[in-house]
Amino acid sequence: MEIKMLMFPFKATLEEINKDPENYIDSVFSCLESEFLVMPKGAGFVEYPAFELGYELLKAATSGFSMLDPVKIYPVTVSKPISIIVLRTMLGFTPPEWGYVTTQKTGVAVSQGFIRSLDRKIRMAPDVELTANGVTKKRVEAMVQTACQLLSAGAPEVNMDQLHRLNKADTKNGISSIKNLSRIGAPYAMLLYERFLGRPFAGHRDSVSDIIGDSLESAIEDVLAGAGVSFRKTKRAERIEGFDQTPDFIIPSEFNPQIVIEAKITEDDGTARDKVTRIQHLGELSLAGRSLNNPKYEVIACIGGRGFGVRREDMKKMILATRGKVFTAKTLGYLVECTEIKKYKAIQ
């Protein structure tokens with residue numbers, strides 16, 4: 001039986017890729033690494049001891065969750081604002097959801113902007129006492145009142161084909177559910193902490209998605225800087241003349257683009273497909289008014305994460321759109337020598 005040796009597409013000609021695209025797809029798949037097991041903490045990460053302190057203060061203020069009295073809980077939310085995060089986690093709501101329900105139930109307008117800002121402020125400094133006066137005091141009081149009402153009442157009856165958001169082990173039967181779970185020896189604080197991080201850790205992963213992508217961009221910067229290559233790293237949502245979709249890197253500059261690099265890490269195949277479409281578009285722009293062998297600029301894709309390893313057809317499109325110039329974290333060492341970037345390498 002014939003055994004094929006995998007060859008990276010950036011070392012092949014377009015003709016060679018067209019002859020055996022599957023082999024080149026396999027080579028890229030073989031060095032894709034998933035980043036979903038390890039995540040950066042990022043700014044505003046709440047450590048468990050801080051979260052547990054908020055939980056214990058709420059537990060004390062409610063006599064072991066036997067009575068949810070807004071008058072007794074509100075002072076705790078001001079002195080130790082991390083308790084607001086715990087309270088929201090007990091509800092199982094996002095900040096905007098809590099704000100919306102509060103507005104509906106109390107008539108006090110709690111905007112998305114306010115509650116998102118409050119949530120981030122607390123995560124950044126969970127032990128710093130809130131400056132609660134005026135509108136802020138009124139809104140936080142309304143939020144606490146709403147939380148106490150919902151948690152005390154528990155999940156109402158709904159249709160058989162529906163599920164209420166409060167139909168959880170700790171809130172289904174109202175205050176008795178919370179009290180029982182907190183007293184049977186189960187680590188209720190840890191359960192809430194994991195819910196706060198989400199799915200698990202999905203809530204946190206969403207909050208650091210930009211940082212996760214930055215790790216690949218930083219690695220590309222290191223490679224380019226190490227080779228003495230002039231480059232322009234663009235900012236998020238920045239507009240660059242000549243590009244309706246701004247690439248992540250332009251070499252040597254935006255005034256004379258000869259090489260563009262798109263970088264993306266994703267664990268989601270839908271996001272990966274969107275990125276492939278974006279790279280294809282860049283490939284089309286590079287050929288506008290040019291022949292296949294004389295593009296305006298070279299298009300390079302640097303990718304990571306399991307999302308790119310799901311659809312073979314999408315990978316084929318990416319390889320063809322970049323004429324084989326697809327790199328992963330494992331193959332960034334070839335980035336300079338196997339692309340037109342080598343022309344801009346400083347003499348060592």
At most 10 other Cβ within 10 Å, DSSP loop - trypsin sites (Lys or Arg not before Pro), the stretch 106-156: none
Counting DSSP beta bridges with both partners in the chain, what percentage is antiparallel, nearest 5? 45
For a label point 7 Å along the Cα-to-beta-carbon line of residue 241, residues of the stretch 275-303 with backbone N under 19 Å: 286, 296-297
What do you get for the angle between helix 269-287 and the principal long axis of the chain? Use alpha-carbon atoms, 0 to 90 degrees, nearest ten. 40
Extension gain from residue 137 to residue 162, taking 0.36 nm per residue of separation minus the Cα-Cα distance: 5.4 nm
Compute the Kirkwood hydrodynamic radius of the stretch 48-199, taking the inverse of the mean of 1/r over all pairs of distinct Cα atoms, and give it in Å to one decimal. 15.5
In terms of the ratio Rg/(2.2 N^0.38 Å) built on C-alpha atoms, what value belongs to the stretch 295-348? 1.26
Principal-axis tilt of helix 209-226 within the chain, Cα atoms, nearest 10 degrees: 30
Debye-sum result for the chain in log10 I(q)/I(0), which assumes one identical scatterer on each alpha carbon, at q = 0.10, 0.12, 0.13 Å⁻¹: -0.75, -0.88, -0.94
What is the packing order of peptides 277-290, 316-329, taking the mean over residues of other C-beta atoms within 10 Å and listing the highest first? 316-329, 277-290
Return the distance in nm (one decimal) between the two label points of a simple spin-label model at residue 149 and residue 124, each offset 7 Å from Cα along Cα→Cβ. 3.1
What are the residues whose amide H is under 5 Å from the amide H of residue 327, where those residues sit 5 or more places off or on another chain and H is modelled from the backbone? 301, 302, 303
Mean residue ellipticity at 222 nm from the helices of the chain, using -39,500 (n - 2.57) per DSSP H segment of n ≥ 4 over the full residue count, to the nearest 500 deg cm²/dmol? -15000 deg cm²/dmol
Once the Cα atoms of helix 70-79 and of the chain are each reduced to a long axis, what angle between those two axes, in degrees from 0 to 90 to the nearest 10, is obtained? 50
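Bear in mind that the values in this text are calculations on the coordinates, not laboratory data. Treat the numbers as computed from the prediction; the structure is a model and nothing was measured. In this analysis, Cβ positions are derived from the backbone assuming ideal geometry, glycine residues included, and neighbour counts consider all displayed protein chains.
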